[in-house]
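Notes follow once the structure below has been shown.
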Amino acid sequence: MWLNNLRIYSPDGEIERGSILIRDGKIEDLLQGAARESGINCEGLAALPGIIDFHGDMLEREVEPRPGVHLPIDLGIFELDKRLAASGLTTAYPAISFAWHAKDTFRSENRAIDLIRAVNKYHNDCLTDMRVHSRFEITNPDAGQVLINLLGEHQIQLVSIMDHTPGQGQYRDIEAYIQFAMKWRREKMGMEISEEEMHENVRVAQERPKAWDTVRMVGQITQKENIPLASHDDDTPEKVAMVHDMGATISEFPVTVEAAQAARERSMYTVMGAPNALRGSSHSGNLSAADAIAEGLVDILAADYYPSALLHSIYALQEKGILPVAEGIKLISENPARALNMEGRGRLEPGMFADITLVQEGQRPRVRATVRSGVPIYWDGHMSQLEGVDLSSGYQIGHVVDTIESPEERIAS
């Protein structure tokens, strides 16, 4: 299949008008100018590498959209999967947490285990390549053995180490944390709590032992199994040095410039939130992703809580004069592929998997099609109107669903 008359963002530079030949799930050729054969005329569209999301917090909310309202997990996975594909994603790592306090049924140990097993169970039925990002809260030592067991069963493909103890990390400002936590519990969890109770919770949390021995064990396992290990909300160079020594290769959402610089000095990948980059500031008052990108301290942007922000953020960065789109694309494709040890993804060049996002560019870029391993997984009405598209030959969603196992066989490795 030829995709013709595209602007192509390739590693060797931007091709203003070119064509891509897809064969057997991979990019076979990339030409400047007109294609040699007939194909789909993609006039007015740009081809980007399929977007890879490192960290998305949507799945837990998908299966419990309101406090106490539980929907089937498989339904949540498939509905999120469709939204991710329509946002231009070809690979996604839903972040799944183990609760660190007993009242949090939303992220209970059993719920986390069920979600992790379900993502693996339905992996081959998804449009996107959906994998597990497990978040281990070090103040919940009881979850350590569960995490280790799941790693031994090859149920987890990415681990991040978290410490949400108030007074450090993301919640350095205790009073700001208390107000945030009260609002979160009221609006998201349906739980009312007073400031006095929150202050007592903070005291208990600060006294809770931290499972650093488990972290060291997890670090050994992830290194042996070639599973990436990230550290979440690093706030000091000392914290970065410690987690690096334990095997972390990624600093996820550093909250200070000093922590981001320390990660850069240790050749760790640095991840920031795409919504933060899009808005120009952190919703919690921590480090601005846009400022960190301008300082050359960011390698990867993650969906965090809003998958559409991945695409929109890189165009917003160009509009603000911070980073051209050609460089911004690396933050959502090539760099996460490298950090996550994903060979054959993240770049548009011969020999790579045909993971391609077709975008109508502009101030508000629109995803018109998403192709994973040569198979369309999202294909909107705009695409059906293009010259060279023959719906009878299968370029519609029905065809994608019927053949979705085909790309999975090709990327099983």
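Rule-based calculations on the coordinates, nothing more; no lab input. No experiment lies behind these values; they were computed from the predicted model shown. Every residue, glycine as well, gets a Cβ built from its backbone with ideal geometry; the counts of neighbours run over all protein chains shown.
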Of 225-235, 245-255, 46-56, ordering from highest average Cβ density within 10 Å down gives 46-56, 245-255, 225-235
What residues qualify as long-range amide H neighbours of VAL389, i.e. H under 5 Å apart, gap of 5 or more or another chain, H built at 1.01 Å from N?
ASN41
Projected label distance in nm at GLU225 and ASP213, using a 7 Å step from Cα toward the beta-carbon:
2.1 nm
Can you tell me the FRET efficiency between GLU109 and HIS382 if r is taken as the Cβ-Cβ distance and R0 is 30 Å, rounded to the nearest 0.05?
0.10
Tell me, what does the Kirkwood hydrodynamic radius of region 38-129 come to in angstroms if you use every pair of distinct C-alpha atoms?
14.6 Å
Using the basic label-point model (7 angstrom from Cα toward the beta carbon), what is the VAL69 to TYR122 distance in nanometres?
1.8 nm
Applying a 10 Å radius around every beta-carbon, put 129-141, 355-367, 23-35, 64-76 in order of their mean neighbour count, most first.
129-141, 355-367, 23-35, 64-76
If R₀ is 25 angstrom, what is the calculated FRET efficiency for the pair ARG364 and ARG266, using the beta carbon separation as r and rounding to 0.05?
0.10
Förster radius 30 Å - calculated FRET efficiency between GLN145 and ASN341 (Cβ-Cβ, nearest 0.05):
0.75
Note down the Stokes-Einstein diffusion coefficient of region 279-378 in µm²/s, whole number, using a Kirkwood radius over alpha carbon pairs, 20 °C, and 1.002 mPa s.
148 µm²/s
